[in-house]
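Structure first, then comments.
The values are calculated or read from the model by the stated rules, or taken from the named source; none is laboratory data. Small disclaimer: the values here were computed from a predicted structure and weren't measured. All Cβ positions, even for glycine, are placed from backbone atoms using ideal geometry, and neighbour counts span all protein chains on display.
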2 protein chains.
Amino acid sequence: MAETKERDSATTESSTGEISLGKYLASIRKDRKLSLRAVEERTKKQVSNAYLSQIENDQIKQPSPNTLNALAELYEISLEKLMVKAGYITPSSKRKSGERHGRVATFAEHNLTPEEEQELMDYLEFMRSRKK
Amino acid sequence: MAETKERDSATTESSTGEISLGKYLASIRKDRKLSLRAVEERTKKQVSNAYLSQIENDQIKQPSPNTLNALAELYEISLEKLMVKAGYITPSSKRKSGERHGRVATFAEHNLTPEEEQELMDYLEFMRSRKK
DNA sequence: ATAGCGCGCTTGATATATCAAGCACCTTCT
DNA sequence: AGAAGGTGCTTGATATATCAAGCGCGCTAT
């Protein structure tokens with residue numbers, strides 16, 4: 001009675017006021033014009049079509065980092081963004097809404113690709129939100 | 001070709017040739033002079049004493065990132081190191097083409113603490129090892 | 001029409017993470 | 001001595017992730 005779990009979320013506007021993990025992943029997959037089974041193959045069976053379907057319909061609460069990573073790589077999106085949406089990261093000290101923060105050009109000294117740079121920045125936020 | 005799931009014993013020298021996750025965590029806890037229940041309390045129940053015991057005895061294969069993070073923070077060790085030991089990160093291609101990294105002093109522009117810097121560097125390796 | 005294929009989806013089964021409750025043992029007290 | 005409390009540990013119960021197998025539907029083709 002204390003807490004009913006099901007007040008979720010067809011449209012979960014949790015931390016950043018964004019859509020749910022499932023809807024987000026679904027929209028991206030469609031953008032990439034991939035079928036569920038295509039994703040299954042391209043991820044070398046790391047994510048089955050059945051499972052992806054459940055994820056996209058928000059029937060899975062917290063896919064493992066491995067799963068999220070496989071999808072992030074295939075779709076070429078930020079792993080940490082998925083980690084946030086999956087609830088691994090507490091949205092405590094999140095940035096002000098919708099604000100793009102400064103760049104980290106100095107990361108270039110490590111031959112970071114733009115994606116790596118973005119991921120590192122996301123990860124920094126991740127760490128700091130946890131530190132709270 | 002399949003990797004048989006081996007549940008070998010106490011001294012698992014996997015990725016970095018180090019001890020298993022459980023033994024590693026146990027040694028650190030003792031170093032910090034904390035009891036299982038003390039850890040339970042200090043992590044605000046994020047890790048129960050029963051569960052920690054299982055982890056330390058390698059009865060748990062892959063604790064969640066949340067759990068690992070709680071321990072990493074309490075012990076003040078690298079989360080990514082635990083992620084490696086937990087098997088979230090494949091220790092395959094550490095060297096892509098004789099690549100080695102230097103320091104990342106420039107991270108200081110983001111007011112990184114030494115720990116954050118270390119974690120970011122670990123995480124960079126994490127990303128790159130994942131990238132194939 | 002019908003055979004086939006691709007699509008998203010459902011479901012049963014299995015593996016595993018996680019914890020509350022308890023147990024056996026060991027130190028101090030009084 | 002016994003109570004009280006600390007220690008690591010075990011276990012039964014519960015929740016959840018994950019997949020193989022299958023379903024029904026819409027397309028093309030014959």
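Going by what's in this entry, would A:L25 be described as closer than 27 Å to B:A86 by Cβ, within 11 Å of DNA strand D (Cβ to nearest atom), in contact (Cβ under 8 Å) with a residue 40 or more places away in the chain and of a type in the set (A, V, I, L, M)?
no
B:I19: at pLDDT 80 or above, of a type in the set (V, I, T), more than 23 Å from A:G87 (Cβ to Cβ) and more than 16 Å from DNA strand D (Cβ to nearest atom), yes or no?
no
Kindly indicate which of A:E13, A:E6 is within 11 Å of DNA strand D (Cβ to nearest atom), at pLDDT below 95 and either more than 28 Å from B:A70 (Cα to Cα) or loosely packed, with under 13 Cβ neighbours inside 10 Å (or both).
A:E6
Quick test of your reading of the structure: B:I55 fulfils all but one of (1) more than 22 Å from A:A86 (Cβ to Cβ); (2) near DNA strand C (Cβ under 8 Å from one of its atoms); (3) of a type outside the set (S, T, Y). Name the failing condition by number.
(1)
Consider region B:75-91. How many of its residues are away from chain A (no Cβ under 12 Å) and either under 13 Å from B:V39 (Cβ atoms) or free of Cβ contacts under 8 Å to residues at least 60 places away in the same chain (or both)?
Number of matching residues: 3.
Count, please, the residues in region B:60-72 that happen to be without any contact (Cβ under 8 Å) to a residue 24 or more places away in the chain and away from DNA strand D (no atom under 14 Å from the Cβ).
The total comes to 3.
List the number of the failed condition for B:Q59; all other conditions in (1) at pLDDT 95 or above; (2) in a helix (DSSP H, G or I) hold.
(2)
Across region A:29-45, which residue is farthest from DNA strand C (Cβ to nearest atom) among those that are surrounded by fewer than 16 Cβ atoms within 10 Å (Cβ to Cβ) and not basic (K, R)?
Per the criteria, the residue is A:D31.
What are the residues in region A:34-59 that are near DNA strand D (Cβ under 8 Å from one of its atoms), within 14 Å of another protein chain (Cβ to nearest Cβ) and at negative phi, if any?
Selection gives A:Q46 alone.
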